[in-house]
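Taking it in order: structure first as structure tokens, then the write-up.
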Amino acid sequence: MNDNISHPLKLFNSLTRKLEPFAPVHEGEARVYTCGPTVYNYPHIGNMRAYVFADLLGRTLSWKGFALKHVINITDVGHLTDDADEGEDKLEKAAAERAQSIWDIAKHYTEAYWNDIKSLNIRQPAHWSIATDYVPQMIEYAKGITEKHCYELDNGLYFDVSTVADYGSLARTATEDGEGRIETVEGKRNAADFAIWRKTAEGETRQMEWDSPWGKGAPGWHLECSVMSEALLGLPFDIHTGGIDHREIHHPNEIAQNQAHSGCDHSGAQIWMHNNFLIDRSQNKNGAKMSKSAGEFLRLQLLIDKGIHPLAYRLMCLQAHYRSELEFTWDNLQASLTRLKRIVMAFGQLTIKAEGTAEPVDHPRLIQIQDQFDAAISDDLNSAKCLPLLEDLLAQKKISASQRLMLAKKMDEIFGFDLMNLTRSDLRLRPKARTIAEAEIEQKLNLRQQAKADKDFTTADAIRDELTAQGVELMDGDPLRWEWSISI
Ligand code: AMP
Ligand code: ZN
């Protein structure tokens, strides 16, 4: 029997703006589609918050015993510089600016994104769907909805949003003003109408283009997700996720297409879920929208280069509710690292104490903690409430280590800290810019310890000064026993 199902899973549905019980379309299964990155640049850590959230959702569905089928797409064509159908294709623009092949750019940034996925211990989805692999299906799909729902303009095939029921209800905006979208495409019937196929203009050169009944061109970004989600998961599927910005344009447009293609008013997914933004407060107190151009580009590699283990960022995400804004500062990140280190140390001690035994969890206090944990994660993925329960469990020194270890491992299926493998030493600050090798620090520390044991304090102090001069701060008496650190 699965002990994780005593509390029914409830999720916040952006469509109804309410918590709803999760009831799968196919018994025992959970089919989830997550809007993936546009691979014209590195993802910033705000983007990665969207995937930590999708991973938490996937892990929770598995924890509840559902067979998870998760799809994340890679957008390598069609996403314009403005979500509301204006501007240039992000990938074409990057390729032109850097005089590089668009395919090389897509490959490079897809791999960089997959590295970040791995560093954050985000589980692999069942499918990574690459948009350019689905262009023939996109053309067929568009052909199927053209007659009733689309019209052609000089620059593309447009979707008429007035042909479907309740357009924009997800965003809570009306068709008429399309939440103030600027009408710059001449001939559009409604401000919110969007291109599902963009024709290559005469004289324009595109690296990526395909033949279609509407001329050479490329698919619209919104079309991609409708086509790939339906092709891989079938309609309706269970949950569609993305960042909160997608609630305004991208997802309402996907819904409109899903309605057109299926011929019914259903949005295509039972539940639409959106993570809130990560706000950058690392440079100024007022906060700024995460940006790939202004100031320090906050990508995961920057955190790693400053010496911070990427799972500290994972913990930082999980200690906030996914629907709350999260503020990024270096201090917050350091505090998350310290919290993770305490957990890792306690888990390590527990492993030693349990001596390889594996008792089933039956202690009443542990059963209570497990129940509270299940209640919290079932309550719209309240990971922030789950973390102190793990810490509480680790601190219950009087209860069987073996049972506590069993439960801690189980909880880690949700957190994904890889506690079985993550060591205290992995979490040490390791700035890339350091000038001294770790082995040398360790060697000097040993000499200093010997000097102290010999009561040769002059030598001990000299070694400390020598290390300080090389940027290494010794931390005698640190309760976390972090013997040294290098400031970032
Ligand atoms: P993009 O590559 O621009 O399509 O974005 C990838 C994902 O990141 C999408 O789900 C966005 O909604 C999400 N996203 C963008 N900016 C942020 C942010 N600052 N915080 C959290 N999620 C974001
Ligand atoms: Zn999408």
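The values are calculated or read from the model by the stated rules, or taken from the named source; none is laboratory data. None of the values given here were measured: they were computed from a predicted structure. We place every Cβ from the backbone using ideal geometry, glycine too, and count neighbours over all the protein chains shown.
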Given the options Glu296, Glu327, name the one that is more than 16 Å from ligand 2 (Cβ to nearest atom) and part of a strand (DSSP E or B). Glu327
Filter result for Ala218 (within 16 Å of ligand 2 (Cβ to nearest atom), more than 22 Å from the chain's Cα centre (by Cα), over 18 Å from Thr163 (Cα atoms) and at pLDDT below 95): yes
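Per-residue answers, yes or no, for (1) small (Gly, Ala, Ser); (2) surrounded by 21 or more Cβ atoms within 10 Å (Cβ to Cβ):
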{"position": "Leu315", "(1), (2)": "no, yes"}
{"position": "His321", "(1), (2)": "no, no"}
{"position": "Phe347", "(1), (2)": "no, yes"}
{"position": "Gly356", "(1), (2)": "yes, no"}
{"position": "Val361", "(1), (2)": "no, no"}
{"position": "Arg365", "(1), (2)": "no, no"}
{"position": "Asn382", "(1), (2)": "no, no"}
Need at least 2 residues that are β-branched (Val, Ile, Thr) per element, so show me which strands (runs of 3 or more DSSP E) inside segment 67-106 make the cut, counting only ones lying wholly within it. 67-74
Are there any pairs with C-beta distances below 6 angstrom linking a residue in segment 28-47 that is within 18 Å of His274 (Cα to Cα) and among the charged types (D, E, K, R) to a residue that is outside any helix (DSSP H, G or I) and more than 7 Å from ligand 1 (Cβ to nearest atom), with the two at least 6 apart or on different chains, and if so which? Arg31/Lys69; Arg31/Phe237; Arg31/Asp238
Residue count, segment 368-421, condition among the hydrophobic types (A, V, I, L, M, F, W, C), assigned to a loop (DSSP other than H, G, I, E, B) and farther than 23 Å from Gln124 by Cα, comes to 1
Give Pro125, Pro24 a once-over and let me know the one that is in a loop (DSSP other than H, G, I, E, B), more than 16 Å from ligand 2 (Cβ to nearest atom) and touching a strand residue (DSSP E or B) at 6+ places or on another chain (Cβ under 6 Å). Pro24
Phe347: farther than 23 Å from Leu19 by Cα and either assigned to a helix (DSSP H, G or I) or of a type outside the set (Gly, Ala, Ser) (or both), yes or no? yes
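Residue-by-condition table, conditions (1) under 30 Å from Gln370 (Cβ atoms); (2) surrounded by fewer than 15 Cβ atoms within 10 Å (Cβ to Cβ):
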{"position": "Leu56", "(1), (2)": "yes, no"}
{"position": "Ile74", "(1), (2)": "no, no"}
{"position": "Asp82", "(1), (2)": "no, yes"}
{"position": "Asp89", "(1), (2)": "no, no"}
{"position": "Ala94", "(1), (2)": "no, no"}
{"position": "Thr110", "(1), (2)": "no, no"}
Out of Ser119, Ser62, which single residue is touching a residue at least 40 places away in the same chain (Cβ under 8 Å), within 21 Å of the chain's Cα centre (by Cα), away from ligand 2 (no atom under 16 Å from the Cβ) and surrounded by fewer than 18 Cβ atoms within 10 Å (Cβ to Cβ)? Ser62
Report yes if some residue within segment 473-487 is in contact with an Asp or Glu (Cβ under 9 Å, 6 or more places away or on another chain), surrounded by 13 or more Cβ atoms within 10 Å (Cβ to Cβ) and assigned to a helix (DSSP H, G or I); otherwise report no. no
Residue count for segment 221-249, restricted to those that are crowded, with 23+ Cβ neighbours inside 10 Å and within 11 Å of ligand 2 (Cβ to nearest atom): 14
